[in-house]
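The block underneath contains the structure these notes are about, expressed in structure tokens.
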Amino acid sequence: GAMRHLPYFCRGEVVKGFGRGSKELGIPTANFSEQVVESFPPDISTGIYYGWACVGNGDVHKMVLSIGWNPFYKNIKKSVETHIIHTFKEDFYGEILSIVIVGYIRPEKNFDSLDSLISAIHEDIEEAKRQLDLPEHLKLKEDNFFHLPEGKIVNNH
Ligand code: ADP
Ligand code: MG
């Protein structure tokens, strides 16, 4: 399920999501295209993960990632959404996002209120920050994967 495939390297275009209003909550999530999602191992667990992310040939930042069920496809397909722990000046739709998924935080959950959802996400972000400061996780930030020529789409190799 969750850990067997990690670390998982993935790169692909950022597409428009389904307007769940993540940005309005202060937690924008960069969505991968359906094609990129289809390239994920089919048995990878849904839930919240942490790792490293980079837009185009920009800096590598910490991220939290959700692998969830895609409401657009009646929850039979997955969606993969990355919240980069960094404040960007502009949106980056259409750009190439490179990620390394490093670890698993928790399964998907239903929340009784928006407030409890938001505070859970903030806890996930704090957990991601702590985990990624560990030496064994920090070293993936320097991985050559992030310095490959832009545009070269590579999934897990
Ligand atoms: P959508 O439903 O189109 O995915 P969101 O509200 O989730 O809309 O916002 C996602 C978009 O916000 C991303 O595609 C990206 O262009 C932009 N964005 C700005 N800052 C960030 C960030 N820190 N992490 C992820 N996406 C960000
Ligand atoms: Mg989104």
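Just so it is clear, none of the values below were taken in a lab; they were calculated from the coordinates. Here the structure is a predicted model, which means the values were calculated and not measured. Backbone-built Cβ (ideal geometry, glycine too); neighbour counts: all protein chains shown.
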Return the single residue from D91, D124, D143 with maximal mean-square fluctuation; model: Gaussian network over the chain, springs between Cα atoms under 10 Å.
D91
Within the chain, longest stretch clear of exposed trypsin sites (Lys or Arg not before Pro) (DSSP loop, no more than 15 other Cβ within 10 Å):
24-73
Just tell me which lysines come within less than 23 Å, Cα to Cα, of K77; anything on the same chain fewer than 8 places away is out.
K16, K23, K109
With a cut-off of 8 Å between alpha carbons and a minimum separation of six or more residues, what is the relative contact order of the chain in percent?
32 percent
Starting from the Cα of K109, step 7 Å along the direction of its Cβ; do the same at Y93; then give the gap between the two resulting points in nm.
3.2 nm
How large is log10 I(q)/I(0) at q = 0.19 Å⁻¹ when the Debye formula is applied to the Cα atoms of the chain, each weighted equally and without solvent?
-1.31
Segment S116-E142, length gained on full extension (0.36 nm per residue, minus Cα span)
5.9 nm
How large is the dipole of the chain about the Cα centre if only Lys and Arg carry +1 and Asp and Glu carry -1, each at its Cβ, rounded to the nearest 20 debye?
280 debye
Taking Rh as the Kirkwood radius computed over C-alpha pairs, what is the Stokes-Einstein D of the range 85-126 at 20 °C in a medium of viscosity 1.002 mPa s, expressed in µm² per second?
162 µm²/s
Loop-located GluC sites (Glu not before Pro) in the range 47-103, at most 11 other Cβ atoms within 10 Å (DSSP):
E90
Within the range 1-70, list the chymotrypsin sites (Phe, Trp or Tyr not before Pro) lying in a DSSP loop whose Cβ has at most 14 other Cβ atoms in a 10 Å radius.
F18
